[in-house]
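Let me begin by presenting the structure, written as C-alpha cells, before commenting on it.
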Amino acid sequence: MPEADDSPADKQFFVDVPQRAEPFFLKGCEHLDWGLKNRLASIFNPVSGRTVMLAFDHGYFQGPTTGLERVDVSIVPLLPWADTLMLTRGILRSVIPPTYRGGLVLRASGGPSILKELSNEEIALSIEDAVRLNAAALAVQVFVGGEHETKSIHNLTRLVDQGQRHGVAVLAVTAVGRELVRDAKYMRLATRICAELGATYVKTYYVDDGFDTVTAACPVPIVIAGGKKLPEREALELAASAVAQGAAGVDMGRNIFQAASPAAMLQAVRAVVHEGANAGEAHELYRQLAARP
Ligand code: R5P
C-alpha cells in the first residue's frame, strides 16, 4: 500500500513558475510529435545539434564493397564512435550486436543492382519491421532528374506517410545520376523537393560553390555524403566546409572505412562535426591516433 499523501503543506506547486518548454534543437522539427523527436535525438547529438552517421549500406546495390567485405571485422570495432549507423536490415540482424545503443537508420529502398538502372527502386522495408528493429529513421533514395524520378519520389512520400503514422523519421538521399551536374542549383532543387514532400531530413553531396544556399533553402536538416575516397585531409576539409555552411553533420562511408586507419578517421571527423575543429587540427588528431599501436 502506498503511504497516505495527506500533508499538503509539504507540496511544492511552484505556482509562479511557468511550465518550461525547451525548443527542439533541430531545424524545422519543432512541430513533430514526441516519439519522432526522441528518435531524432538518437541520431543527432542534442548538445552539438549535429551527427556523425557511419554509412555502410553500400552492399544493397553493389555487394561486398571494398572495406565492407567483412562488416563484423571492419565496422563493428568502429561502433563506439558512431552517433548513428546507416545500414541494411540484413547486416543489422546478421552482424551488429543488439547491445548497440546509438541511432539506427535503415535502408528502406532498393531493387536494382549496379548492373541495372539504379533509379528503378521500390520500397524494400515494411514499417512494421523497421519499428521491430528500433529504427530511428528510414533511408530512401530520391532520383530527381533520373529516369525513374516519379517512382522514387513516390517511394519517399509513401515512406513519409508510414513513418508519420509510427513516429519514425525519413531520410531522403539525393542520388545524382552520372548525366546530371552536381552543382548548387541541382542540390537546391533536389533537397527542397525532398523537404517539401515530407522528408524529416535530407542527405546530399557537398558542392564547392554555394553550398550555403543549399542548406539555407532547405527547411529541414541536411547531412552530407562523403562520396568516393579522398585523401584523409581532403575528406576532413569537406566535412569542415559543409558544417561551416550549415550542414547538420555527415553521413560518411568510404572516407571512413576505406581510410588507412578507420577508427582514427572516425574520431577526426567527430572532432570536426561536434567540437568545431578545423581540417588541420582534425588531420593532426588523425595522424596521432593512426600512429598508436
Ligand atoms: C549510397 O547510396 C549509400 O546510401 C551510402 O550510404 C552513401 O553514399 C554514403 O556513403 P559514402 O560516404 O561512401 O558516399
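Residues in segment 259-269 that are touching a residue at least 60 places away in the same chain (Cβ under 8 Å), of a type outside the set (S, T, N, Q) and away from the ligand (no atom under 15 Å from the Cβ): ALA263 alone.
Could you check, for segment 30-40, whether at least one of its residues is without any contact (Cβ under 8 Å) to a residue 60 or more places away in the chain and either within 16 Å of the ligand (Cβ to nearest atom) or in a loop (DSSP other than H, G, I, E, B) (or both)? Yes, because at least one residue in segment 30-40 is without any contact (Cβ under 8 Å) to a residue 60 or more places away in the chain and either within 16 Å of the ligand (Cβ to nearest atom) or in a loop (DSSP other than H, G, I, E, B) (or both). The selection criterion, being aliphatic (A, V, I, L, M), at pLDDT below 95 and within 27 Å of PHE143 (Cβ to Cβ), holds for LEU180. Number of residues in segment 41-56 that are under 22 Å from ALA124 (Cβ atoms) and either among the β-branched types (Val, Ile, Thr) or without any contact (Cβ under 8 Å) to a residue 24 or more places away in the chain (or both): the value is 1. All conditions in (1) within 25 Å of LEU104 (Cβ to Cβ); (2) part of a loop (DSSP other than H, G, I, E, B); (3) modelled with pLDDT of 95 or more hold for LEU266, with the sole exception of (2).
Residues in segment 102-134 that are more than 15 Å from the ligand (Cβ to nearest atom) and under 20 Å from MET252 (Cα atoms): GLY102 alone. Name every residue in segment 14-35 that is among the acidic types (Asp, Glu), modelled with pLDDT of 95 or more and more than 13 Å from VAL220 (Cα to Cα), in order of residue number. Selection gives ASP16, ASP33. Counting only residues that are hydrophobic (A, V, I, L, M, F, W, C), within 21 Å of LYS228 (Cβ to Cβ) and crowded, with 24+ Cβ neighbours inside 10 Å, segment 191-210 holds 1 of them.
To keep it simple, each residue is scored yes or no on (1) farther than 19 Å from TYR60 by Cβ; (2) free of Cβ contacts under 8 Å to residues at least 60 places away in the same chain; (3) not in a loop (DSSP other than H, G, I, E, B).
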{"site": "ARG165", "(1), (2), (3)": "yes, yes, yes"}
{"site": "LEU171", "(1), (2), (3)": "no, no, yes"}
{"site": "ALA190", "(1), (2), (3)": "yes, yes, yes"}
{"site": "ASP208", "(1), (2), (3)": "yes, yes, no"}
{"site": "THR213", "(1), (2), (3)": "yes, yes, yes"}
{"site": "VAL220", "(1), (2), (3)": "yes, no, no"}
{"site": "VAL223", "(1), (2), (3)": "no, no, yes"}
{"site": "GLY227", "(1), (2), (3)": "no, yes, no"}
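What is the residue count in segment 192-206 for residues that are more than 22 Å from GLU281 (Cα to Cα) and part of a loop (DSSP other than H, G, I, E, B)? Summing the residues that are more than 22 Å from GLU281 (Cα to Cα) and part of a loop (DSSP other than H, G, I, E, B) in segment 192-206 gives 5. Could you please let me know if GLU69 is out of contact with any Asp or Glu (no Cβ under 8 Å at 6 or more places or on another chain), exposed (fewer than 13 other Cβ atoms within 10 Å of the Cβ) and not basic (Lys, Arg)? Yes: the conditions hold for GLU69.
Close contacts from segment 242-253, counting a first residue that is within 12 Å of GLY276 (Cα to Cα) and a second that is within 12 Å of the ligand (Cβ to nearest atom) and in a loop (DSSP other than H, G, I, E, B), with Cβ to Cβ under 6 Å and a gap of 6+ residues or different chains, come to ALA242/TYR206. Restricting segment 52-64 to residues that are of a type outside the set (A, V, I, L, M, F, W, C), buried (at least 17 other Cβ atoms within 10 Å of the Cβ) and near the ligand (Cβ under 9 Å from one of its atoms) leaves a set whose member that is modelled with the highest pLDDT is ASP57.
For segment 72-120, residues that are more than 20 Å from the chain's Cα centre (by Cα) and either modelled with pLDDT under 95 or among the charged types (D, E, K, R) (or both) total 11. Note on segment 232-258: residues that are of a type outside the set (Gly, Ala, Ser), within 15 Å of the ligand (Cβ to nearest atom) and not in a helix (DSSP H, G or I) amount to 4.
The values are calculated or read from the model by the stated rules, or taken from the named source; none is laboratory data. Not measured: the values here are computed from a predicted model. Glycine gets a Cβ as well: all are built from the backbone with ideal geometry, and neighbour counts include every protein chain shown.
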